[in-house]
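Read the structure below first, then the notes.
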Amino acid sequence: TPKMNFTVSWSGMSFVYDKGTWNSETGDYEGGYFTPEGDSNKVTITNEASSNISIVAELNFTPSNEYDTVSGYFTETNNANAERITSLNIRKGKNASAYLQLEGELDERNIPQNFTIGTCTVTVRGG
């Protein structure tokens, strides 16, 4: 039986959070957003199968419990407005990349310097 052989390469998954604009009437920031540091939000899957096997890489982001106001999704280009995808189809000898995009707001009073906001999962199956 043919076997799958693939590599998943992660970038640093580093983002900068901008608090948004100060609203003096409410005493809070509004419109906070995340920006990846360059291509640090990229995951690349390479299909290295020796036989003619295609694979499907399913992509998922799960926020950690303390940051459940944040959600994540993947795109095929590093553009938050690009079409959202949940999987990549990859033929033998080819690779494909996806970019994690984050949305939602954080409580600006409780933002640590470096922290884990969630978990990305890539599940690979035969295609």
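The values are calculated or read from the model by the stated rules, or taken from the named source; none is laboratory data. Here the structure is a predicted model, which is why all the values come from computation and not from measurement. Reconstructed Cβ throughout: ideal geometry from the backbone, glycine too, with neighbour counts over all protein chains shown. With ligands, DNA and RNA removed, areas are computed over all heavy atoms of the protein, side chains included. Shrake-Rupley method; radii C 1.70, N 1.55, O 1.52, S 1.80 Å.
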Scalar couplings 3J(HN,Hα) for segment 59-73 by Karplus 6.51 cos²θ - 1.76 cosθ + 1.60 (θ = phi - 60°), nearest whole Hz, x for Gly and Pro, are 10, 8, 10, 10, x, 6, 4, 6, 10, 6, 7, 10, 10, x, 8
For the peptides 11-17, 56-62, what is the packing order when you average, over each peptide's residues, the other Cβ atoms within 10 Å and list the highest mean first?
-> 56-62, 11-17
Quick P(r) readout (the chain; Cα-Cα; 10 Å bins; whole %) gives 12, 38, 28, 14, 6, 2, 0
Based on the Cβ-Cβ distance from N95 to K19, what FRET efficiency comes out when R0 is 30 Å, to the nearest 0.05?
-> 0.25
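I'd like to check one number: the per residue accessible area of the chain, probe 1.4 Å, reported in Å² as a whole number.
Normalised by residue count, the accessible surface of the chain is 62 Å².
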K94: which lysines have alpha carbons under 24 Å from its alpha carbon, excluding same-chain residues fewer than 8 sequence positions away?
-> K3, K42
State, to one decimal in nm, how far the label point of I85 lies from the label point of N5, with both points 7 Å from Cα in the Cβ direction.
-> 2.4
